[in-house]
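Here is the structure we will look at.
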Amino acid sequence: MSVHWKRFVDQISHYQSFVLVSHVRPDCDALGSELGMAHVLRQIGKDVRIINAHRVPPSLQFLDPAGNIEILGDDVEPEDISADCIMILDTSAWVQLGDMADVVRTASCDKMVLDHHVGEDDLGATMYKDYQAEACGTLVVQAADALGVPITRPMAQPLFAAIATDTGWFRFGSVTAETYRVIARLVDAGVVPAEVYSDLYERDTLARLKLRGLILSRTQSELDGALMHTHVETRDFEAVGALPSDTEDSINLTLAVENTKAAVIFVGQRRGGFKISFRSRCDLAVNEIAQQFGGGGHKAAAGAFQEGTLSDVQARVLPVMIEALKKVL
């Protein structure tokens with residue numbers, strides 16, 4: 001499925017004001033896509049606000065140094081949000097919108113979705129989706145092209161971070177020759193990859209390092225090492241002084257073990273239950289497993305949420321993961 005860019009451009013032309021929204025616990029692709037799209041729309045004279053349900057993680061604040069992203073309940077109340085169109089980026093699921101879901105659901109304006117994930121809810125929006133895109137940031141670059149907007153450095157910086165992180169710094173199977181052509185354009189616009197890498201991966205806090213050590217120390221294997229799984233509970237964050245966002249990318253560290261084909265991490269949530277992240281480095285489609293637990297994502301990277309204690313959630317999820325992995329080994 002590819003985006004119908006002419007229809008996208010035609011729809012954009014009908015509106016003057018936009019509110020951009022993305023998923024809870026925003027990652028680089030969510031934030032970078034919002035910030036990049038805001039620059040694109042402002043270049044063609046549109047009024048734009050970015051409003052999310054969750055605050056930008058401290059480790060990603062370099063993406064929004066001016067603090068342009070507003071937070072629902074902190075910076076703005078639902079009744080103060082109005083626009084001609086709400087554009088949802090990097091998700092197509094109600095549950096992923098968190099408290100912004102009610103705002104989107106009750107808004108009388110038109111809605112658009114720009115996303116690269118398989119599966120979708122009925123958001124009452126016009127869908128613009130490309131399942132083959134390695135990142136939503138890539139779609140924003142394509143949107144700029146469709147709208148005739150040149151790529152500028154302020155636009156390129158967040159979009160580079162979006163694509164780089166959603167491809168695991170260009171090491172995932174989703175990377176194609178076109179990925180590098182897009183990246184080359186962003187570098188030509190002024191992005192310095194070494195600076196972005198440093199901002200992303202060389203500014204860890206001691207608490208984050210301690211949390212990663214705890215997560216790695218709990219890693220267990222199944223199927224002779226083909227599957228790795230680990231966990232972190234809410235009390236662990238307080239114990240080491242870390243933040244929930246400090247778990248970002250931890251699951252990928254377990255894939256460094258030789259012969260590992262898939263991995264799962266269970267992350268405790270403050271409101272209860274566990275966020276589950278799945279990764280695959282084989283023919284196992286983890287998005288299909290995530291869908292069984294109310295989640296979704298990509299073939300190689302997906303997520304879900306389950307209520308219950310750690311032991312309960314593990315007992316539900318791990319047997320399903322093990323049986324599915326057995327079929328492709």
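So here's what we get for this one:
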quantity	calculated
Matching residues, the stretch 301-329, being small (Gly, Ala, Ser) and in contact with a Leu (Cβ under 9 Å, 6 or more places away or on another chain)	Ala324
Filter result for the condition that a residue is in contact with a strand residue (DSSP E or B) (Cβ under 6 Å, 6 or more places away or on another chain), open to solvent by less than 10 Å² (accessible area, probe 1.4 Å) and either within 15 Å of Leu97 (Cβ to Cβ) or touching a residue at least 12 places away in the same chain (Cβ under 8 Å) (or both), over Val48, Val21, Val3, Val40	Val21
Given (1) open to solvent by less than 30 Å² (accessible area, probe 1.4 Å); (2) assigned to a helix (DSSP H, G or I); (3) modelled with pLDDT of 95 or more, number of the condition Met228 does not satisfy	(2)
Some residue of the stretch 218-226 being among the hydroxyl-bearing types (Ser, Thr, Tyr) and closer than 12 Å to Ser250 by Cβ	yes
Residue match in the stretch 20-28 (condition: of a type in the set (Asp, Glu), on the phi < 0 side of the Ramachandran plot and at pLDDT 95 or above)	no
Lone unmet requirement of (1) open to solvent by less than 40 Å² (accessible area, probe 1.4 Å); (2) of a type in the set (A, V, I, L, M); (3) within 28 Å of His231 (Cβ to Cβ) for Val175	(3)
Cross-chain or 6+ apart pairs with Cβ under 6 Å, the stretch 243-256 first and not assigned by the TED database to the domain that holds Phe172, then hydroxyl-bearing (Ser, Thr, Tyr)	Ile251/Ser277; Thr254/Thr219
Evaluation of Lys111 against (1) in contact (Cβ under 8 Å) with a residue 12 or more places away in the chain; (2) out of contact with any strand residue (DSSP E or B) (no Cβ under 6 Å at 6 or more places or on another chain) (one fails), failing number	(2)
Qualifying residue in the stretch 109-128 (condition: assigned to a helix (DSSP H, G or I), over 29 Å from Ala194 (Cα atoms) and either open to solvent by 10 Å² or more (accessible area, probe 1.4 Å) or not polar (S, T, N, Q) (or both))	no
Failed condition for Gly124, given (1) under 15 Å from the mean Cα position of the chain (by Cα); (2) without any contact (Cβ under 8 Å) to a residue 40 or more places away in the chain	(1)
Qualifying positions in the stretch 228-247 - touching a Lys or Arg at 6+ places or on another chain (Cβ under 7 Å), aliphatic (A, V, I, L, M) and closer than 21 Å to Pro319 by Cα	none
Only listed residue being among the aromatic types (Phe, Trp, Tyr), open to solvent by less than 50 Å² (accessible area, probe 1.4 Å) and assigned by the TED database to the domain that holds Val317, chosen from Phe305, Phe293	Phe293
Condition check for Ala162: outside the structural domain of Ala290 (by the TED database), in a helix (DSSP H, G or I), under 22 Å from Asp64 (Cα atoms) and in contact with a Ser or Thr (Cβ under 7 Å, 6 or more places away or on another chain)	yes
Output for the stretch 176-203, where each listed residue is assigned to a loop (DSSP other than H, G, I, E, B) and either at pLDDT below 95 or at positive phi (or both)	Gly190, Glu202, Arg203
Test: residue in the stretch 137-157 that is on the phi > 0 side of the Ramachandran plot, open to solvent by less than 50 Å² (accessible area, probe 1.4 Å) and not in a helix (DSSP H, G or I)	no
Test result for Leu253, under 16 Å from Thr219 (Cβ atoms) and open to solvent by 40 Å² or more (accessible area, probe 1.4 Å)	yes
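The values are calculated or read from the model by the stated rules, or taken from the named source; none is laboratory data. What you are looking at is a predicted structure, and each value in this text was computed from that prediction instead of being measured. Virtual Cβ from ideal backbone geometry, glycine too; neighbours counted across all protein chains shown. Just the protein is used for accessible areas: all its heavy atoms, side chains included, with ligands, DNA and RNA removed. Shrake-Rupley method; radii C 1.70, N 1.55, O 1.52, S 1.80 Å.
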